[in-house]
1. Quickly run through the stretch 136-147 and pick out the residues that are surrounded by fewer than 19 Cβ atoms within 10 Å (Cβ to Cβ) and either within 15 Å of the ligand (Cβ to nearest atom) or under 16 Å from Asp76 (Cα atoms) (or both).
2. Inspect the stretch 63-76 for any residue being open to solvent by 80 Å² or more (accessible area, probe 1.4 Å) and within 24 Å of Val125 (Cβ to Cβ) and give the result as yes or no.
3. Any residue at all in the stretch 60-68 that's modelled with pLDDT of 95 or more, part of a strand (DSSP E or B) and near the ligand (Cβ under 10 Å from one of its atoms)?
4. Whether any residue in the stretch 186-194 is of a type outside the set (D, E, K, R) and open to solvent by 60 Å² or more (accessible area, probe 1.4 Å) is what I want to check.
5. Of everything in the stretch 111-135, what is open to solvent by less than 10 Å² (accessible area, probe 1.4 Å) and assigned to a strand (DSSP E or B)? Give them in sequence order.
6. Determine, yes or no, whether Thr18 is at pLDDT 95 or above and farther than 28 Å from Lys188 by Cα.
7. Suppose we filter Tyr48, Tyr41 for residues that are open to solvent by less than 60 Å² (accessible area, probe 1.4 Å), away from the ligand (no atom under 15 Å from the Cβ) and assigned to a helix (DSSP H, G or I); which single one remains?
Amino acid sequence: MVLDPRMILRGVKVVTYTLLDREMPLMTHDRYILEQEILPYFAEREEYTKVLFVGCGSYTKHYEKWFHPKEYWTIDINPMKKIYGAKKHIIGSMSDLNLYFQEKELDLIICNGVFGWGLNDRKDVEEAFSGCYKSLREGGVLVVGWDDVPEKKPFPLETCESLMQFQSYFFPPLSTSQYRHLTDESQKHVYNFYIK
Ligand SMILES: C[S@@+](CC[C@H](N)C(=O)[O-])C[C@H]1O[C@@H](n2cnc3c(N)ncnc32)[C@H](O)[C@@H]1O
């Protein structure tokens, strides 16, 4: 096997930055929208105090700081991702949220890049979003970020029955309940906003 030096360098950087608690943001438009529009809006508002962020990476570890002093949880099915999780981290599947949270316990769930990135099976997806609905209080918000490309879309998200329980949430900073980046064809990331 030939090791790519760039991959080795990237690995070393990820480990070093993680150990030093340094931020490692991704420089893409969808990440910009998440980090500059979506997360700050909810982090600044008092009514969102108990937050769950689904799926972790080296580039999401610093989100916990932004939500301080709120109660910020992370969950990831992959035990290896614990190092990128919050202090309150769950190793488990989003499809089992009812094992970890009581009904109406959460104010906000952000599920970005998970549908189509491991959460693929229709039954698992239905259970995951059904669990979100149960765990959120009345007025709680669910944000789903997903890639509108065939290889990352196990089935049309709009056919997901558990999501139909929610109302669309008009997200003020973006003036929409579904944000797509329209000017660049290479960017197919979409954010859907729902409210219970
Ligand atoms: C592409 S990464 C997205 C990470 C992050 N949410 C973001 O904003 O980029 C997908 C992550 O979702 C996790 N994941 C996949 N299926 C999951 C499930 N059913 N429950 C919880 N986490 C899951 C994977 O282990 C992986 O770490």
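1. Going through the stretch 136-147, the residues surrounded by fewer than 19 Cβ atoms within 10 Å (Cβ to Cβ) turn out to be 137-139, 147.
Asp147, the sole residue that qualifies.
2. Step one: filter the stretch 63-76 for residues open to solvent by 80 Å² or more (accessible area, probe 1.4 Å), giving 65-66, 68-69.
Okay, now just the ones that are also within 24 Å of Val125 (Cβ to Cβ), so none.
Checked against the condition, which is being open to solvent by 80 Å² or more (accessible area, probe 1.4 Å) and within 24 Å of Val125 (Cβ to Cβ), the stretch 63-76 yields no hits at all.
3. No; the residues of the stretch 60-68 include none that is modelled with pLDDT of 95 or more, part of a strand (DSSP E or B) and near the ligand (Cβ under 10 Å from one of its atoms).
4. Among the residues of the stretch 186-194, at least one is of a type outside the set (D, E, K, R) and open to solvent by 60 Å² or more (accessible area, probe 1.4 Å), which makes the answer yes.
5. Residues satisfying the conditions are Cys111, Phe115.
6. So Thr18 does not fit the description; no.
7. Working: Tyr48 fails: assigned to a helix (DSSP H, G or I).
Going through Tyr48, Tyr41 in turn, the sole match is Tyr41.
The values are calculated or read from the model by the stated rules, or taken from the named source; none is laboratory data. Just so you know, these numbers come straight off a predicted model, no measurement behind them. Because the Cβ atoms are built from the backbone with ideal geometry, glycine has one as well, and the counts that use them run over all protein chains shown. The protein model used for the area step is the full one, side chains on, heavy atoms only, and it has no ligands, DNA or RNA in it. Shrake-Rupley method; radii C 1.70, N 1.55, O 1.52, S 1.80 Å.
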